[in-house]
Every structure is written in C-alpha cells, then in structure tokens.
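Colleague: Take this structure, written in structure tokens, and hold onto it; I'll ask about it next.
The values are calculated or read from the model by the stated rules, or taken from the named source; none is laboratory data. Just so we're clear, the structure is a prediction, and the values are computed from it rather than from any experiment. Ideal geometry is used to build each Cβ from the backbone, glycine not excepted, and the neighbour counts take in all protein chains shown. Just so you know, the surface numbers come from the protein's heavy atoms only, side chains and all, with ligands and any DNA or RNA stripped out. Shrake-Rupley method; radii C 1.70, N 1.55, O 1.52, S 1.80 Å.
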Amino acid sequence: GAGVSQTPSNKVTEKGKYVELRCDPISGHTALYWYRQSLGQGPEFLIYFQGTGAADDSGLPNDRFFAVRPEGSVSTLKIQRTERGDSAVYLCASSLMGGGRVDTQYFGPGTRLTVL
Amino acid sequence: DQQVKQNSPSLSVQEGRISILNCDYTNSMFDYFLWYKKYPAEGPTFLISISSIKDKNEDGRFTVFLNKSAKHLSLHIVPSQPGDSAVYFCAANSGGSNYKLTFGKGTLLTVNP
C-alpha cells in the first residue's frame with residue numbers, strides 16, 4: 001500500500017515569507033507526527049496528533065510554527081515569517097494508534113525547506 | 001543537550017564482516033530503544049527495537065544489545081551487505097510520552113564489496 005507522502009519535496013522561499021508543508025499519512029493511521037531534521041542532526045520531535053487534535057505540541061520551536069489536521073487525516077505544517085534558521089528537512093510520520101510501544105512510526109521522505 | 005549520542009559519524013566495513021554501531025543515552029527515564037535506517041532522499045525506516053526489560057533482541061542479521069547500567073546499546077549486523085549502506089539512527093522514548101522519539105545524530109555505514 002501507499003506509504004506516507006509529503007509535498008512539496010523541496011521548497012525554497014525567502015526570509016519573511018509564509019510556507020505550508022503537507023503530509024498525507026498512511027490510510028487508517030490515527031496518529032501523526034512532525035519532526036525536523038537540521039543538517040548533521042537527527043530528527044527532532046515537533047508535534048503529535050491523535051485524530052484531529054494536537055496531543056503534544058511541545059516541540060514546536062515558537063509561535064511562528066503551527067500545524068493542523070482538520071479531518072484526522074492530512075496534516076499541514078505552517079511556518080510564518082520564515083527565518084534562515086528554519087532551513088531543514090521536515091519529516092512527517094504516522095502510526096496506527098499512537099502512544100504504544102509496538103506502534104511503529106512510518107516516515108515520509110520529508111520536505112527540504114530552504115530559506116534564503 | 002544530546003540525550004541520545006552516536007559518537008561515530010561514520011563506519012566502513014567489508015562485505016561479509018560484522019558491523020557494530022554504538023549508541024549511548026543519558027536520560028534514565030528512557031525505557032524503549034529503536035534503530036532506524038535511512039537511505040538518501042527517503043524517510044527513516046524502522047529496523048529493530050528493544051525494551052529495557054531485555055538485554056538482547058534479534059531479527060535475522062540484526063541484533064540489538066542493551067546494557068542499562070552503562071546506558072549503552074549497540075546494533076550488530078552480521079553478515080554486512082552492500083545494501084546495508086545507509087545512515088543508522090538510534091532513538092529512544094519513555095513510558096510517559098512513548099510517542100515522542102528522541103534521536104541521535106546518526107552513523108553513516110558504508111559496506112564495501
């Protein structure tokens with residue numbers, strides 16, 4: 001079956017602009033996660049959705065970052081007033097239930113965001 | 001502050017030999033550990049995991065060992081194959097928020113034919 005998909009695969013924007021990154025999880029997965037991977041680092045947790053609600057957004061770096069999942073499937077990560085330090089690969093993952101030890105997180109290929 | 005550390009940025013081994021990737025952690029609340037494998041332009045793929053109640057878990061050519069007293073785990077790949085060449089991430093989580101994975105920086109494994 002189809003895995004997690006993310007669009008666009010690459011996004012180049014200018015400092016100060018607004019961007020939206022989209023994630024399509026595996027069908028039927030109720031849990032969805034966003035991570036950010038900066039150059040030379042491992043993925044860092046941003047936010048976790050259980051259904052439509054953000055169960056944990058403690059990883060969002062500041063209030064310029066916001067994510068939604070209005071129908072419990074597709075999610076959009078929104079970044080306002082982008083800064084050069086936001087440049088990274090943004091990874092989305094989904095899992096069947098969320099919060100369980102054996103609930104494997106399946107990752108998408110990521111969106112590479114470059115802020116000039 | 002890195003709670004999960006992979007101190008070797010890269011490792012090179014010959015095909016057929018053993019690959020050993022190491023990982024250390026500092027957070028004593030971590031009780032579940034995972035290894036992910038990542039090819040270029042793809043997302044990380046789950047490989048193998050281990051709970052803190054065990055000290056070894058094996059799946060085919062892959063074995064993960066956990067030493068809780070040393071806060072150290074390792075991934076052994078035997079025999080190594082060229083297709084194993086990838087970045088390997090160690091990750092951990094804890095019971096209180098077991099959806100939140102904390103990753104190390106990764107180790108690039110190159111298996112030479």
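Colleague: With a cut-off of 8 Å between alpha carbons and a minimum separation of six or more residues, what is the relative contact order of chain B in percent? List each step's numbers first, then the result.
Modeller: On the way: 271 pairs, mean separation 41.9, N = 113.
37 percent.
Colleague: Count the lysine pairs in chain B that are 8 or more places apart or on different chains: how many have C-alpha atoms under 18 angstrom apart?
Modeller: Count of close lysine pairs: 14.
Colleague: Here is a follow-up. Throw me the Rg/Rh for the range A:11-52, computed over C-alpha atoms with Kirkwood Rh, two decimals.
Modeller: 1.04
Colleague: Let me ask you something else. Which value, in nm² and rounded to one decimal, describes the direction-averaged projected area of the C-alpha convex hull of the protein assembly as shown?
Modeller: 12.5 nm²
Colleague: So what is the relative contact order of chain A, in percent, for Cα pairs below 8 Å that sit 6 or more residues apart? Kindly include the intermediate steps, with their values, before the conclusion.
Modeller: Details: 297 pairs, mean separation 42.1, N = 116.
Worked out over chain A, it gives 36 percent.
Colleague: Most fluctuating residue of B:Ile53, B:Ile20, B:Ile77 in a GNM of chain B with Cα springs under 10 Å: which is it?
Modeller: Residue with maximal mean-square fluctuation among B:Ile53, B:Ile20, B:Ile77: B:Ile53.
Colleague: Within a Cβ distance under 14 Å of A:Glu83, other residues only, what is the Lys/Arg minus Asp/Glu net charge? Mind showing how you got there, number by number?
Modeller: Numbers: positive: A:Lys15, A:Lys17, A:Arg36, A:Arg64, A:Arg81, A:Arg84; negative: A:Glu14, A:Asp63, A:Asp86.
That sum, taken over residues with Cβ under 14 Å, equals +3.
Colleague: Additional query: Go through the range B:4-12 residue by residue and turn each phi into a ³J(HN,Hα) via Karplus (6.51, -1.76, 1.60, θ = phi - 60°); whole Hz please, and just put x for glycine and proline.
Modeller: Per residue, the Karplus-derived 3J(HN,Hα) values read 10, 10, 10, 7, 9, x, 8, 8, 10 Hz.
Colleague: Compare A:Pro25, A:Pro43, A:Pro61 in a GNM of chain A, Cα atoms joined below 10 Å, and give the one with the largest fluctuation.
Modeller: A:Pro61
Colleague: To continue, here is another question. What's the magnitude of the charge dipole for the protein assembly as shown around its Cα centre, counting Lys and Arg as +1 and Asp and Glu as -1 at the beta-carbon? Answer in Debye, nearest 20.
Modeller: 320 debye
Colleague: OK, next. Return the value, in Å² to the nearest 100, of accessible area buried between chains A and B (probe 1.4 Å, both sides summed).
Modeller: Working: alone 6350 and 6210 Å², together 10900 Å².
In total, chains A and B hide about 1700 Å² from solvent.
Colleague: Please report, in whole Å, how far the alpha carbons of chain A spread along each principal axis, starting with the longest.
Modeller: 39, 26, 25
Colleague: What are the ³J(HN,Hα) values, in whole Hz, obtained from phi via the Karplus relation 6.51 cos²θ - 1.76 cosθ + 1.60 with θ = phi - 60°, for each residue of the range B:29-40 in sequence order, with x given for Gly and Pro?
Modeller: Calculated HN-Hα couplings, in order: 7, 5, 9, 8, 10, 9, 10, 10, 10, 9, 8, x Hz.
Colleague: Given a 1.4 Å probe and the protein chains all in place, what does the accessible area of A:Arg84 round to, in Å² to the nearest 10?
Modeller: Number for this one is 140 Å².
Colleague: Grab the Cα-Cα distance for B:Asp55 and B:Asn112, subtract it from 0.36 nm times how many residues apart they are, and report the gain in nm with one decimal. Don't skip to the end; give the middle numbers.
Modeller: Numbers: separation 57, 0.36 × 57 = 20.52 nm, distance 2.98 nm.
Here the answer is 17.5 nm.
Colleague: Okay, moving on. Name the residues whose placed amide hydrogens come within less than 5 Å of the amide hydrogen of A:Asp56, ignoring near sequence neighbours (fewer than 5 apart) on the same chain.
Modeller: Correct list: A:Tyr48.
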